[in-house]
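These notes are about the structure you will find just below.
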Amino acid sequence: MFKLLGEAVDTAIALKPQVANAAHCEVVIAPVFTALKTVADRLEGSNISVAAQDCAVQNEFGAHTGEVTPGMLKDAGCSHVIIGHSERRQFYGETDESVNRKAKAAIEAGLTPIVCVGEHLSEREAGNAESVVGSQLKGSLSGLTVSDIERIIIAYEPVWAIGTGKTATPEQAQEMHGYIRNFLAGIHGKEAADGIRVLYGGSVKPENIDTLMAQPDIDGALVGGASLDADTFARIVNFQRA
């Protein structure tokens, strides 16, 4: 929940030339709802896509005051939508069931869902990090086919590393990313699991992006505070390969 409309546009415009040659990755930014259409229009023809930060659980119009359907987001210029972010889970009652319904609705509308999973510090310290993430994956992706899974991006964001300045070590992040990929392989097969992109999110910044991206199962980053500045975010996009 950052940036008024003009600020969001200015940041997007400043980012555009800095990532114009980023052929090695897909670049997506997620402004607030009020800026989606304007930012998407200003980025038309560029290599930057636009995501929403949340969506409704259904595409049908109806009496759901305050909700925005995935179809409406696509109509506004979005190609992606973030679903189940830890802040939505922690503060706004998001559950694996609602994440699952939103992911299905997003796919139905032609959007790419970025489905977030991650454990709290107490869960990690208790040795339950993998079981928590596995349970979230099982519930959030329930009923999805292999073709559905191929259209989804997973983001692992340890809750204890979001907005705290703490970051999972590259080894910790790789360990969980490897677990996620193996978990998906057990359900949908190795080929589908190898093809899915698993992002790391949790205080990603220019100082740690190079070592994170050197890990074999980290396919990208879900960037929070560091994305608010175009120069900083561009450095993350243009990470230095080891």
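Of the conditions (1) closer than 18 Å to Asp231 by Cα; (2) in a helix (DSSP H, G or I); (3) not hydrophobic (A, V, I, L, M, F, W, C), Pro31 fails just one. Which one is it?
Only one criterion in (1) closer than 18 Å to Asp231 by Cα; (2) in a helix (DSSP H, G or I); (3) not hydrophobic (A, V, I, L, M, F, W, C) is unmet by Pro31, namely (2).
Looking only at region 25-75, how many residues end up being over 18 Å from Pro113 (Cβ atoms), in contact (Cβ under 8 Å) with a residue 12 or more places away in the chain and of a type outside the set (Ser, Thr, Tyr)?
Here the count works out to 11.
Six or more apart or on different chains, Cβ under 6 Å: which pairs go from a residue in region 102-115 that's crowded, with 22+ Cβ neighbours inside 10 Å to one that's basic (Lys, Arg)? Could you list them?
What qualifies is Leu111/Lys74.
Would you mind listing the helices (runs of 4 or more DSSP H) fully within region 173-242 where at least 1 residues are at pLDDT 95 or above, surrounded by 15 or more Cβ atoms within 10 Å (Cβ to Cβ) and acidic (Asp, Glu)?
Numbers: elements: 190-195, 206-213, 230-237.
In region 173-242, the matching helices (runs of 4 or more DSSP H) lie at 206-213.
Give the number of residues within region 43-59 that are in contact with a Ser or Thr (Cβ under 8 Å, 6 or more places away or on another chain), assigned to a strand (DSSP E or B) and of a type outside the set (S, T, N, Q).
Matching residues across region 43-59 total 2.
Counting only residues that are buried (at least 20 other Cβ atoms within 10 Å of the Cβ) and not aliphatic (A, V, I, L, M), which one in region 63-88 is farthest from Gly110 (Cα to Cα)? Lay out the reasoning, then the answer.
Start the filter on region 63-88 by keeping residues that are buried (at least 20 other Cβ atoms within 10 Å of the Cβ), which leaves 69-71, 73, 78, 80-86.
When the remaining residues are screened for being not aliphatic (A, V, I, L, M), the result is 69-71, 78, 80, 84-86.
Details: Thr69: 12, Pro70: 8, Gly71: 8, Cys78: 10, His80: 9, Gly84: 18, His85: 20, Ser86: 24 Å.
Only one residue tops the list, namely Ser86.
Specify the residue that is farthest from the chain's Cα centre (by Cα); the eligible residues are those in region 219-234 that are under 11 Å from Val204 (Cβ atoms) and without any contact (Cβ under 8 Å) to a residue 60 or more places away in the chain. Outline the logic, then answer.
Step one: list which residues in region 219-234 are under 11 Å from Val204 (Cβ atoms), which gives 220-227, 232-233.
Imposing the further condition that a residue be without any contact (Cβ under 8 Å) to a residue 60 or more places away in the chain reduces the set to 221, 223, 226, 232.
Working: Ala221: 8, Val223: 8, Ala226: 14, Thr232: 18 Å.
My answer is Thr232.
Residue by residue, here is whether (1) farther than 28 Å from Gln172 by Cβ; (2) in contact with a strand residue (DSSP E or B) (Cβ under 9 Å, 6 or more places away or on another chain); (3) surrounded by fewer than 18 Cβ atoms within 10 Å (Cβ to Cβ) holds:
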{"site": "Met1", "(1), (2), (3)": "yes, no, yes"}
{"site": "Pro17", "(1), (2), (3)": "yes, no, yes"}
{"site": "Ser49", "(1), (2), (3)": "yes, yes, yes"}
{"site": "Asn59", "(1), (2), (3)": "yes, no, yes"}
{"site": "Val99", "(1), (2), (3)": "no, yes, no"}
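Of all residues in region 151-164, which are in a loop (DSSP other than H, G, I, E, B), without any contact (Cβ under 8 Å) to a residue 60 or more places away in the chain and either over 15 Å from the mean Cα position of the chain (by Cα) or buried (at least 22 other Cβ atoms within 10 Å of the Cβ) (or both)?
Pro158, Thr164
Being hydrophobic (A, V, I, L, M, F, W, C) and surrounded by fewer than 20 Cβ atoms within 10 Å (Cβ to Cβ) is the filter; apply it to region 127-148 and report the residue that is modelled with the lowest pLDDT.
Ranking the qualifying residues of region 127-148, first place goes to Val146.
The values are calculated or read from the model by the stated rules, or taken from the named source; none is laboratory data. Since the model is a prediction, treat every value here as computed from it, not as a measurement. Cβ sites come from the backbone with ideal geometry, for glycine too, and all protein chains shown count toward neighbours.
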